[in-house]
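Written below as structure tokens is the structure these notes are about.
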Amino acid sequence: MEKKKKLTVSDFLRMKQEGRRLTMLTAYDFPTAVLLERCGVDILLVGDSLGNVILGYESTLPVTMEEMLHHTRAVRRGSRTSFLVTDMPFMSYQISFELTIANAGRFLKEAGADAVKLEGGDENSLSMTNALTRIGIPVMGHLGLTPQTASLGEGMKVRGKERESAQRIMEQARKLEQAGCFSLVLECVPDRLAALVTSRLKIPVIGIGAGPGCDGQVLVTPDMLGLTQSRVPRFVKQYANFSETAVTAIDAYIREVREGSFPAGEHSFHMSDEDLRHLEALD
Ligand code: KIV
């Protein structure tokens with residue numbers, strides 16, 4: 001367990017130059033944020049995967065600004081010194097420059113985020129990224145599989161397998177860097193493409209399902225802890241099985257309550273024999 005100073009965007013650039021790998025994990029609540037900070041994770045991401053893994057939506061599309069703000073605040077309360085990135089939810093950066101800037105500003109001012117993440121490398125994402133970075137709001141890009149627009153393409157499948165789409169990802173990565181992104185997430189792309197993009201950019205590239213050649217890695221925390229109740233993608237390594245641990249504990253609780261062995265003496269508050277006799281003597 002390592003106590004860390006708060007990292008900044010320039011630390012991430014330096015870490016890339018020095019070949020030090022970055023760790024990022026998602027957090028959506030106070031206790032998880034406390035644990036991640038305690039372990040010294042470099043970046044906490046309040047992903048809009050919140051929609052699927054915490055709120056029970058079918059996709060990330062229904063996630064609102066208010067939901068993202070609510071969860072970002074909880075994560076900030078649990079992680080005073082971690083670098084905190086939050087996802088701009090679908091339709092919070094598509095309507096106008098004014099609304100995009102106002103929404104991004106709310107994450108920094110009202111929820112304590114250090115940066116925002118925008119999906120995609122099309123004209124809209126590039127110009128919005130540019131507008132935000134020009135006024136000093138740090139932006140993390142996100143290319144490859146971008147869940148907010150997954151249904152426009154091949155769904156939740158690997159991107160960049162064909163020459164044309166691989167070339168598009170490479171070009172968009174460069175444009176996002178030019179637009180001022182301080183780092184880039186590459187999701188679900190072939191390992192060699194990710195390694196090539198990583199070697200061509202100055203900013204750190206953080207992979208998820210993108211192989212070992214990136215500058216850092218991110219996973220959805222409930223997936224890696226074995227808490228996600230639906231099927232998890234093949235690229236996830238499950239480091240623990242919290243669901244099984246929870247089921248064992250809840251089963252034991254139900255059994256003990258039913259048989260009367262919980263609560264035991266050590267879980268109860270006590271009064272003296274004398275006080276009890278006094279009470280019993282009253283009518
Ligand atoms: O929403 C999310 O959790 C993400 C990660 C998968 C990078 O964007």
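The values are calculated or read from the model by the stated rules, or taken from the named source; none is laboratory data. The model shown is predicted, which means the values in this text are computed figures rather than measured ones. Ideal geometry is used to build each Cβ from the backbone, glycine not excepted, and the neighbour counts take in all protein chains shown. Ligands, DNA and RNA are stripped out before the accessible areas are found, and what is left, the full protein with its side chains, is counted by its heavy atoms. Shrake-Rupley method; radii C 1.70, N 1.55, O 1.52, S 1.80 Å.
For segment 44-54, the condition of being within 22 Å of PHE242 (Cα to Cα), away from the ligand (no atom under 16 Å from the Cβ), under 15 Å from the mean Cα position of the chain (by Cα) and assigned by TED's automatic domain parsing to the domain that holds VAL232 holds for none of the residues.
For segment 206-250, the candidate set comprises residues that are surrounded by 19 or more Cβ atoms within 10 Å (Cβ to Cβ) and assigned to a loop (DSSP other than H, G, I, E, B); within that set, the residue that is nearest to the ligand (Cβ to nearest atom) is VAL220. For segment 1-39, give me each residue that is within 27 Å of THR198 (Cβ to Cβ) and at pLDDT below 95. Hits for segment 1-39 are GLU2, LYS4, LYS5, LYS6, LEU7.
Within segment 22-34, being surrounded by fewer than 20 Cβ atoms within 10 Å (Cβ to Cβ) and within 16 Å of the ligand (Cβ to nearest atom) holds for THR23, ASP29.
For the subset of segment 133-143 comprising residues that are of a type in the set (A, V, I, L, M) and over 13 Å from GLN178 (Cα atoms), which member is nearest to the ligand (Cβ to nearest atom)? Only one residue fits best here, namely LEU143.
Please go through (1) more than 30 Å from LEU152 (Cα to Cα); (2) aliphatic (A, V, I, L, M); (3) touching a helix residue (DSSP H, G or I) at 6+ places or on another chain (Cβ under 8 Å); (4) open to solvent by 60 Å² or more (accessible area, probe 1.4 Å) for ILE54 and return the number of the only condition it doesn't satisfy. Tallying (1) more than 30 Å from LEU152 (Cα to Cα); (2) aliphatic (A, V, I, L, M); (3) touching a helix residue (DSSP H, G or I) at 6+ places or on another chain (Cβ under 8 Å); (4) open to solvent by 60 Å² or more (accessible area, probe 1.4 Å), ILE54 fails exactly one: (1). Against the list (1) within 13 Å of the ligand (Cβ to nearest atom); (2) touching a residue at least 60 places away in the same chain (Cβ under 8 Å); (3) crowded, with 22+ Cβ neighbours inside 10 Å, the condition PHE83 fails is (1). Contact annotation: no residue pair with Cβ atoms under 6 Å, 6 or more positions apart or on different chains, pairs a residue in segment 179-196 that is within 14 Å of the ligand (Cβ to nearest atom) and basic (Lys, Arg) with a partner that is modelled with pLDDT of 95 or more and assigned to a loop (DSSP other than H, G, I, E, B).
Just to be sure, is GLU37 of a type in the set (Asp, Glu), open to solvent by less than 60 Å² (accessible area, probe 1.4 Å) and out of contact with any Lys or Arg (no Cβ under 6 Å at 6 or more places or on another chain)?
Values: of a type in the set (Asp, Glu): yes; open to solvent by less than 60 Å² (accessible area, probe 1.4 Å): yes; out of contact with any Lys or Arg (no Cβ under 6 Å at 6 or more places or on another chain): yes.
The answer is yes for GLU37.
Looking at GLY155, is it assigned to a loop (DSSP other than H, G, I, E, B), surrounded by fewer than 22 Cβ atoms within 10 Å (Cβ to Cβ) and within 14 Å of the ligand (Cβ to nearest atom)? I'd like the intermediate steps shown before the answer.
Working: assigned to a loop (DSSP other than H, G, I, E, B): yes; surrounded by fewer than 22 Cβ atoms within 10 Å (Cβ to Cβ): yes; within 14 Å of the ligand (Cβ to nearest atom): no.
When the stated conditions are applied, GLY155 does not pass them.
Check segment 87-102 and report whether any residue there is near the ligand (Cβ under 10 Å from one of its atoms), surrounded by 24 or more Cβ atoms within 10 Å (Cβ to Cβ) and either in the same structural domain as SER183 (by TED's automatic domain parsing) or in contact (Cβ under 8 Å) with a residue 60 or more places away in the chain (or both). Among the residues of segment 87-102, at least one is near the ligand (Cβ under 10 Å from one of its atoms), surrounded by 24 or more Cβ atoms within 10 Å (Cβ to Cβ) and either in the same structural domain as SER183 (by TED's automatic domain parsing) or in contact (Cβ under 8 Å) with a residue 60 or more places away in the chain (or both), which makes the answer yes. None of GLY78, GLY112 is over 19 Å from VAL185 (Cα atoms) and touching a Lys or Arg at 6+ places or on another chain (Cβ under 7 Å) except GLY112. LYS16 meets the conditions (1) in contact (Cβ under 8 Å) with a residue 60 or more places away in the chain; (2) more than 25 Å from PRO147 (Cβ to Cβ); (3) surrounded by fewer than 17 Cβ atoms within 10 Å (Cβ to Cβ) in every case but one. The failed one is (3).
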